[in-house]
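Working notes, structure below.
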Protein chains: 2
Amino acid sequence: MRDVAVIGVGMNRWGELWEKSHRQIWTEAALEAIADAGVDHVDALYVGCMSGGLFVGQEHLGALLADQLGMGPISGTRVESACASGGLAFRQAYLAVASGEHDIVLASGVEKMTDVDGGAATYALSTAADQEYECYHGITFPGLYAMMARVHMHRYGTTREQLAHVAVKNHAHGLLNPLAQFRSKITVEDVVESVMVADPLRVLDCSPITDGAAAVVIAALPLKETRKAPVKVAASAAATDTIGLHDRDDLAWLRSTEVAAAKAYARAGITPNDLSFCEVHDCFTIAEVMVIEALGLAERGKGGEAAPSGMTALGGRVPVNPSGGLKSKGHPVGATGIAQIREAVLQLRGESDGRQVKDARWGLTQNMGGTGASSVVHIFTRA
Amino acid sequence: MRDVAVIGVGMNRWGELWEKSHRQIWTEAALEAIADAGVDHVDALYVGCMSGGLFVGQEHLGALLADQLGMGPISGTRVESACASGGLAFRQAYLAVASGEHDIVLASGVEKMTDVDGGAATYALSTAADQEYECYHGITFPGLYAMMARVHMHRYGTTREQLAHVAVKNHAHGLLNPLAQFRSKITVEDVVESVMVADPLRVLDCSPITDGAAAVVIAALPLKETRKAPVKVAASAAATDTIGLHDRDDLAWLRSTEVAAAKAYARAGITPNDLSFCEVHDCFTIAEVMVIEALGLAERGKGGEAAPSGMTALGGRVPVNPSGGLKSKGHPVGATGIAQIREAVLQLRGESDGRQVKDARWGLTQNMGGTGASSVVHIFTRA
């Protein structure tokens, strides 16, 4: 396989973008990535989107977006893996370039979630879980993650306050990200006193409903000349776990992330200790706690200690979610995995301004779908 | 890139499968393909599905189906390109093996379309068109293809009876396919007197609403030992056109199919004259007429003459849709592209029984989404 690098990135300000359409949001991010890369064409595009059908009544996004760019007849491929759609779309784009099939490819993600009401959005998101064995009984994602949190708290002594620290940290990081949806400082007290959603998870433990897009341009190495310093894709890996929580051996362990990360570390030739920073899938505060355990950044059961200790904050041993994460940056589900990669690229270029991780050398992104039924892990380094 | 072959195929009887669930239909086809290949595992799976969200309220199919097979933690990737979802999923699976990332991969497609009523199915299918510029004005796919048909008839003199011959031929072929949804002989009179849907297209010009799945197993060549003769993927290509009909230079020409086919012929090192048979996307009778022109099997404007002349029938110069095509075999949209490939493999193995094309050496499959906004073309030959 050929070596592959990210040569351009783009993203718009995320939030409730009622004045913009689905395709418009995507096009802004795509054009910015293409301009950032300094290329005049791409050979193909990939787009991660969870549910164009349920959120905006539009499937067939690969063709639509190639047309929107005015770049037809290039091929357009939409990839879906619930909230890991962006990460998995990037992986397919990576394989298309690594294989030699294409030289320059746009990998992107988009979700427009606020054109439907809250109930319809909750239903659309629930299609990431097992409809026949979970959703028919009325459970939605806050409830599923609440059960995972309860097991983690019961078994390992993880506390309500430890979870709150994850949200506090990610909001502090998001304050430094001009494109984040929620740029507001919050405290542990704010979190533990916020509205209850599914015990023990409160509204400030939950990532929001967001409209947004992100895009990156990738190309085969070696490159003659690039506008910005290329960032190498050192590893790409994906794995699955049972779709239903009830089929898991351990509700408090993310096996798909563990498996994908182990493959990625082996391929990149590094260990968790080598990482300068991570962007991980903190759809709920408990998710970040469990993810950093599965990534080997904290011992099993000890993930709750990371945020309160400052280890995962900017300036700590391994900053987690310097972008603000899903919690503060927002979570337009199909776009999240690509935005994580954009952040990794900016960090490795040294372009992250106020939230720059010092001497960033290795960055990891972890994007997952459902309650971790799918995980996608990428590792990046300076080319 | 490594050479890749199809080593196993599976498909169930298509139709209105009310007694079976979405995942059950898929699993039957997948297990048959794995058994046919004689392998005890696959390294990853890909699934084409147009709208799990709108048809059955279930997205995240890659993870769900890996779980359903009991093969987690292998990665599972869902690919969507409207009615070309199956063909495009196969292409991503092909790239994953050709690149060296995986050795044995399951490529599959599924759609369960009859769990919703006809209006909801028509709405779900309309999400393949341009929602903002086409569907909001009330048009659906029969109407879009009717406009294409009218232009073709006006400009080239294509007749109502010529269109009917496409349906008659494909039903005659489908009679020989034990898995086809509609195994019934029809006449030109039946077609031209059937219920009007969108002038000039009548109900017997239209492919049906279908539940069904299909799967194939692919592996890198050379192979030590296989249960069945491997069939080589000689070429894979995908292209796009404008999503909206109103943006086309020519309503009576399928540019995405032309572009993808030209790439595929060049890569396989053959011309249209070398083809032993084709499986093409006859979602409406006019579609087959236009596709065989874009594939170079008939001159521009002359596609209407092919079926009446017998050229595209079994026993003719180049049989088109020996399986019965979408018209008779059925059209579970995400599965169609994979079922076309299954047919090509059976033909090239010499296992097509009553519908076997004599001395089949090169077979082409053409799968498209919307009104041809996306097309995927594959060419196969004996390994």
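The values are calculated or read from the model by the stated rules, or taken from the named source; none is laboratory data. In this text the structure is predicted, and so the values were computed from the model without any measurement. Here the Cβ positions follow ideal geometry from the backbone for every residue, glycine too, while neighbour counts run over all protein chains shown. These area figures cover heavy atoms from the full protein model, side chains too; ligands, DNA and RNA do not enter into them. Shrake-Rupley method; radii C 1.70, N 1.55, O 1.52, S 1.80 Å.
Of the residues making up the stretch B:144-157, at least one is within 14 Å of another protein chain (Cβ to nearest Cβ) and either buried (at least 19 other Cβ atoms within 10 Å of the Cβ) or closer than 22 Å to B:P332 by Cβ (or both).
Does B:T210 satisfy the condition of being among the polar types (S, T, N, Q) and crowded, with 23+ Cβ neighbours inside 10 Å? Judged against the criteria, B:T210 is a match. Of the helices (runs of 4 or more DSSP H) lying entirely inside the stretch B:285-383, the ones with 3 or more residues being small (G, A, S) are found at B:306-309, B:336-349.
Restricted to helices (runs of 4 or more DSSP H) entirely inside the stretch A:120-236, those with at least 1 residues that are free of Cβ contacts under 8 Å to residues at least 40 places away in the same chain are A:141-156, A:188-192.
Tallying residues that are under 24 Å from B:A266 (Cβ atoms) and in contact (Cβ under 8 Å) with a residue 40 or more places away in the chain within the stretch B:307-320 yields 4. Could you list, in sequence order, the residues of the stretch B:39-59 that are hydrophobic (A, V, I, L, M, F, W, C) and touching an Asp or Glu at 6+ places or on another chain (Cβ under 7 Å)? Result: B:C49, B:M50, B:F55, B:V56. Within the stretch A:356-375, the set of residues being open to solvent by less than 20 Å² (accessible area, probe 1.4 Å), closer than 27 Å to A:R227 by Cβ and among the hydrophobic types (A, V, I, L, M, F, W, C) comprises A:V357, A:A360, A:L364. Take the conditions (1) surrounded by fewer than 24 Cβ atoms within 10 Å (Cβ to Cβ); (2) within 14 Å of chain A (Cβ to nearest Cβ); (3) out of contact with any Leu (no Cβ under 6 Å at 6 or more places or on another chain); B:S99 misses just one of them, which is (3).
Results for (1) in the same structural domain as B:V56 (by TED's automatic domain parsing); (2) more than 26 Å from B:L295 (Cα to Cα); (3) at pLDDT below 95, shown as yes or no for each residue.
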position: B:E193; (1), (2), (3): no, yes, no
position: B:V197; (1), (2), (3): no, yes, no
position: B:P200; (1), (2), (3): no, no, no
position: B:A215; (1), (2), (3): yes, no, no
position: B:E225; (1), (2), (3): no, yes, yes
position: B:T240; (1), (2), (3): no, no, no
position: B:I243; (1), (2), (3): no, no, no
position: B:R248; (1), (2), (3): no, no, no
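Working only within the stretch A:51-76, note down all residues that are in contact (Cβ under 8 Å) with a residue 12 or more places away in the chain and under 20 Å from B:K263 (Cα atoms). Within the stretch A:51-76, A:G62, A:A63, A:A66, A:M71, A:I74, A:S75, A:G76 meet the criteria.
Apart from one condition, B:H173 fits all of (1) buried (at least 20 other Cβ atoms within 10 Å of the Cβ); (2) within 16 Å of B:G310 (Cα to Cα); (3) over 20 Å from the mean Cα position of the chain (by Cα); the exception is (3). Could you count how many residues in the stretch A:122-146 are within 21 Å of A:A252 (Cα to Cα), aliphatic (A, V, I, L, M) and out of contact with any Gly (no Cβ under 9 Å at 6 or more places or on another chain)? Result for the stretch A:122-146: 2. Could you tell me whether any residue of the stretch A:16-23 is within 10 Å of chain B (Cβ to nearest Cβ), farther than 28 Å from A:D130 by Cα, in a loop (DSSP other than H, G, I, E, B) and open to solvent by 10 Å² or more (accessible area, probe 1.4 Å)? Checked against the condition, which is being within 10 Å of chain B (Cβ to nearest Cβ), farther than 28 Å from A:D130 by Cα, in a loop (DSSP other than H, G, I, E, B) and open to solvent by 10 Å² or more (accessible area, probe 1.4 Å), the stretch A:16-23 yields at least one hit. In the set B:A234, B:A261, B:A238, only one residue is in contact with a strand residue (DSSP E or B) (Cβ under 9 Å, 6 or more places away or on another chain) and within 21 Å of B:G334 (Cβ to Cβ); that residue is B:A238. The residue that is surrounded by the fewest Cβ atoms within 10 Å (Cβ to Cβ), counting only those in the stretch A:57-96 that are facing another protein chain (nearest Cβ under 7 Å) and over 26 Å from B:R255 (Cβ atoms), is A:L95. Would you say B:I270 is of a type outside the set (S, T, N, Q) and open to solvent by less than 10 Å² (accessible area, probe 1.4 Å)? Criteria not met by B:I270. Screening B:G330, B:G303, B:G324 for residues that are open to solvent by less than 10 Å² (accessible area, probe 1.4 Å) and either of a type in the set (D, E, K, R) or under 16 Å from B:A84 (Cα atoms) (or both) leaves exactly one candidate, B:G330. I'd like to check something: does the stretch B:254-266 contain any residue that is surrounded by fewer than 22 Cβ atoms within 10 Å (Cβ to Cβ) and either among the small types (G, A, S) or touching a Ser or Thr at 6+ places or on another chain (Cβ under 8 Å) (or both)? So far as the stretch B:254-266 goes, yes, one or more of its residues are surrounded by fewer than 22 Cβ atoms within 10 Å (Cβ to Cβ) and either among the small types (G, A, S) or touching a Ser or Thr at 6+ places or on another chain (Cβ under 8 Å) (or both).
Tallying residues that are buried (at least 24 other Cβ atoms within 10 Å of the Cβ) and farther than 23 Å from B:R267 by Cα within the stretch A:102-123 yields 8.
Of all residues in the stretch B:35-56, exactly one satisfies the criterion of being facing another protein chain (nearest Cβ under 7 Å) and under 21 Å from B:Y94 (Cβ atoms), namely B:M50. Among the residues making up the stretch A:102-119, a single one is away from chain B (no Cβ under 13 Å), part of a loop (DSSP other than H, G, I, E, B) and closer than 30 Å to A:L221 by Cβ: A:D103. Step by step: first the residues of the stretch B:228-249, then only those that are open to solvent by 30 Å² or more (accessible area, probe 1.4 Å) and of a type in the set (D, E, K, R), then the one that is nearest to the other protein chains (Cβ to nearest Cβ). Which residue is that? Applying the filter and picking the extreme gives B:D247. Does A:V195 satisfy being more than 17 Å from A:D282 (Cα to Cα), touching a strand residue (DSSP E or B) at 6+ places or on another chain (Cβ under 8 Å), β-branched (V, I, T) and crowded, with 21+ Cβ neighbours inside 10 Å? Judged against the criteria, A:V195 is not a match. Going by the structure shown, is B:G38 without any contact (Cβ under 8 Å) to a residue 40 or more places away in the chain and at positive phi? The answer is no for B:G38.
Residues that are of a type in the set (A, V, I, L, M) and part of a strand (DSSP E or B) were ranked within the stretch A:44-56; the one that is surrounded by the fewest Cβ atoms within 10 Å (Cβ to Cβ) is A:A44.
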